[in-house]
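What follows is one structure encoded as structure tokens, with my remarks underneath.
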Amino acid sequence: MSQESDQGKNEIRPVFITYPTLYSLLMLNYLVNVRNIKFAGVILSIAHIKRMAINFSYLESAYILMKKSGLSYVLYMMLNTKCAYFITAAWWVAGLFTGKRRLFKTFGQLLKDHRIPVLKSADINGEEAFHFMKGVDANLIVSSYNNQILRYRTCKKFRYGAVGIHNSYLPDFSGLDAAFEGLYQGVKETGVTAHLIDKGIDTGKIVYQEKIRIKPGDTVFSLNIRQWLRGAQLIPQVLDWFREGPVSTREQDPGKAKYPYESYPKRDKVREFMRNGKRCIRMRDIFMIDPFLIEFFPSKY
């Protein structure tokens, strides 16, 4: 086989699937602007809460979540999803006074500047999403901070399948808000995991994982930032492993999880969380740029 054929065989063309939030915005700023990862395309999920095949609007979903988790949790989620640009702008202003200015691009700016095709989809397993990925000649799916379940039937249609980034040290804290659950349980450390996507939820073979220490005073917001950005750091290495192939993996046993899968927290749990002095987000998270971000993004950024 010729050298050209070998190179073609190992070419990785990843599509990145995520939900447009502050966390995924920071991840893409790092991956595209700092690490120069060449994505074949990006799919931004525009789905919200779905019940009995009914897709609810953002406001309807917020109301449903408020009934389950309470107002304080919903406000935190709204800040993360709808105020991402406001928060990054506040960080930029804070940087003017500290000499540590960081300017984060919007999703639109990033994708336009780097000419990355984008699809907004309410069904990442649907025909439109599938044809989009095939149209950009994708052969690997990378899913991170994704609010939809990426089905194995979709993943197996692509040569290298799909790898998911999850913000915990699996099999512990699988589910929708691993940062909240870790802080609620009072554990000393959590983690981040890159795993293959299989027929379960956060149950696939582990490609790589590492632990992350929980700091005193961490909020759900600050912990999530460290978890997801550390996950972003893993992605270039994972892509290299797929390129070199075959990827070394190990099985995980969800039955051994001390802290198994959880959905969004119930209202009583959130109240207990706050009575114990813990918070989803604090004012300092919004108006003071985290020192972690200063270290994570270069000064020229």
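The values are calculated or read from the model by the stated rules, or taken from the named source; none is laboratory data. As the structure is a computational prediction, the values presented were derived from the model and not from experiment. Note that we place each Cβ from the backbone using ideal geometry, even for glycine, and neighbour counts take in every protein chain shown.
A few points about this structure:
- Among the residues making up segment 156-173, those that are in a loop (DSSP other than H, G, I, E, B) and either at positive phi or under 14 Å from the mean Cα position of the chain (by Cα) (or both) are Gly161, Asn167, Ser168, Phe173.
- Of residues in segment 70-111 being exposed (fewer than 14 other Cβ atoms within 10 Å of the Cβ) and outside any helix (DSSP H, G or I), the one modelled with the highest pLDDT: Leu103
- Ile289 touching a helix residue (DSSP H, G or I) at 6+ places or on another chain (Cβ under 7 Å), in a loop (DSSP other than H, G, I, E, B) and modelled with pLDDT under 95: yes
- Hits in segment 174-204 (condition: touching a strand residue (DSSP E or B) at 6+ places or on another chain (Cβ under 9 Å), farther than 24 Å from Gln237 by Cα and in a loop (DSSP other than H, G, I, E, B)): Leu176, Asp177, Lys188
- Selected residue (only one of Val142, Val192 is among the β-branched types (Val, Ile, Thr) and in contact with an Asp or Glu (Cβ under 7 Å, 6 or more places away or on another chain)): Val192
- Top-ranked residue of segment 105-155 - restricted to ones that are under 18 Å from the mean Cα position of the chain (by Cα) and of a type in the set (Lys, Arg), ranked as nearest to Ser45 (Cα to Cα): Lys120
- Taking each residue of segment 290-301 that is closer than 13 Å to Asn33 by Cα and touching a residue at least 12 places away in the same chain (Cβ under 8 Å) and looking for partners that are in a loop (DSSP other than H, G, I, E, B) and among the aliphatic types (A, V, I, L, M) with beta-carbon atoms closer than 8 Å, six or more apart or interchain, yields Tyr301/Leu103.
- Checking segment 144-152 against the condition returns a match, with at least one residue being touching a helix residue (DSSP H, G or I) at 6+ places or on another chain (Cβ under 6 Å), in a loop (DSSP other than H, G, I, E, B) and surrounded by 13 or more Cβ atoms within 10 Å (Cβ to Cβ).
- Condition check for Tyr208: among the aromatic types (Phe, Trp, Tyr), assigned to a loop (DSSP other than H, G, I, E, B) and farther than 30 Å from Tyr63 by Cα: no
- Restricting segment 279-301 to residues that are of a type in the set (Lys, Arg) and closer than 16 Å to Met77 by Cβ, the residue that is surrounded by the most Cβ atoms within 10 Å (Cβ to Cβ): Arg279
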